[in-house]
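Structure first, commentary second.
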Amino acid sequence: MKDIFSLITQKERRVLGLLCLFLGLALFFYAFFALGMTRSYSRSMGLLSAVQRDFQTAEASRSQKATESQKWEQAQQDMQELRETYFYSDSEWLKELRMDLQRILETSRIQHSGKKFNYAFFEKEEIRKVIVEFTVTGRYVSLKSFIHAVESFQKFLMIEKIDFLDIDLQGHGIKLKIQLAGYHAIF
């Protein structure tokens with residue numbers, strides 16, 4: 001091996017020494033800096049995947065909140081439609097309710113008597129309820145027509161209770177005590 005070194009000149013030894021020094025510095029750089037950066041890169045990739053999972057979770061939550069928000073907006077639109085279409089809402093709501101009830105009774109062609117009005121107010125819901133009690137007499141077909149007209153009426157006017165007072169077995173008529181409820185929204 002000494003013979004190999006004897007063939008190299010002094011200048012070539014210096015060049016080889018410098019090359020070995022550069023190689024040593026490169027290995028030192030790789031050992032301390034490059035491996036550290038590789039570890040840092042691995043940690044950063046792990047952190048990136050955790051951040052991506054958090055982002056996906058946040059995006060799913062945002063999407064769910066957006067869907068819920070759309071449902072609430074639709075519910076508010078539905079409530080507005082209910083207020084405008086189905087509740088009695090103008091200043092003369094009681095008069096309007098009485099007129100609607102009178103029209104239903106007239107179109108059903110049944111006799112009615114003894115109307116009594118009772119009022120209730122639901123503060124939490126801001127709704128007033130009017131209960132109308134009266135007695136009707138008529139044939140089965142007329143009473144069925146009356147009940148259908150009330151149940152299919154566009155406003156919140158509903159039959160709450162029906163009591164049979166008298167049933168004529170010969171088919172001349174049925175006497176009922178009916179309790180209707182009408183609703184007025186205070187908005």
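The values are calculated or read from the model by the stated rules, or taken from the named source; none is laboratory data. Everything numeric in this text was worked out from a predicted model, so none of it was measured. Neighbour counts are summed over all protein chains in view; Cβ atoms, including those assigned to glycine, are modelled from backbone coordinates with ideal geometry.
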Yes/no for residue 41 being under 30 Å from residue 144 (Cβ atoms) and outside the structural domain of residue 181 (by TED's automatic domain parsing): no
Only one of (1) in contact with a strand residue (DSSP E or B) (Cβ under 7 Å, 6 or more places away or on another chain); (2) surrounded by fewer than 15 Cβ atoms within 10 Å (Cβ to Cβ); (3) more than 21 Å from residue 103 (Cβ to Cβ) is not met by residue 158, so which one is it? (3)
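Search segment 125-154 for residues being of a type in the set (D, E, K, R) and in contact with a strand residue (DSSP E or B) (Cβ under 6 Å, 6 or more places away or on another chain), and hand back the single one that is surrounded by the most Cβ atoms within 10 Å (Cβ to Cβ).
Residues of segment 125-154 of a type in the set (D, E, K, R): 125-126, 128-129, 133, 139, 144, 151.
Now drop any that are not in contact with a strand residue (DSSP E or B) (Cβ under 6 Å, 6 or more places away or on another chain), which leaves 128-129, 133.
Working: 128: 18, 129: 16, 133: 16.
Filtering segment 125-154 for residues that are of a type in the set (D, E, K, R) and in contact with a strand residue (DSSP E or B) (Cβ under 6 Å, 6 or more places away or on another chain), the one surrounded by the most Cβ atoms within 10 Å (Cβ to Cβ) comes out as 128.
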Show me the strands (runs of 3 or more DSSP E) entirely contained within segment 77-187 in which 2 or more residues are among the hydroxyl-bearing types (Ser, Thr, Tyr) and out of contact with any Pro (no Cβ under 8 Å at 6 or more places or on another chain). 111-122, 127-138
Answer yes or no: is there a residue in segment 8-31 that is loosely packed, with under 10 Cβ neighbours inside 10 Å, in a helix (DSSP H, G or I), out of contact with any strand residue (DSSP E or B) (no Cβ under 8 Å at 6 or more places or on another chain) and modelled with pLDDT of 80 or more. yes
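Look at residue 122 and say whether it is under 32 Å from the mean Cα position of the chain (by Cα) and at pLDDT below 85. It would help to see each step written out before you state the result.
On the way: under 32 Å from the mean Cα position of the chain (by Cα): yes; at pLDDT below 85: yes.
Yes: the conditions hold for residue 122.
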Note: among 63, 69, just one is under 30 Å from residue 125 (Cβ atoms), part of a helix (DSSP H, G or I) and within 50 Å of the chain's Cα centre (by Cα), namely 69
Quick one: residue 87 ticks every box in (1) modelled with pLDDT under 85; (2) farther than 30 Å from residue 175 by Cβ; (3) more than 23 Å from the chain's Cα centre (by Cα) except a single one, so which number is it? (3)
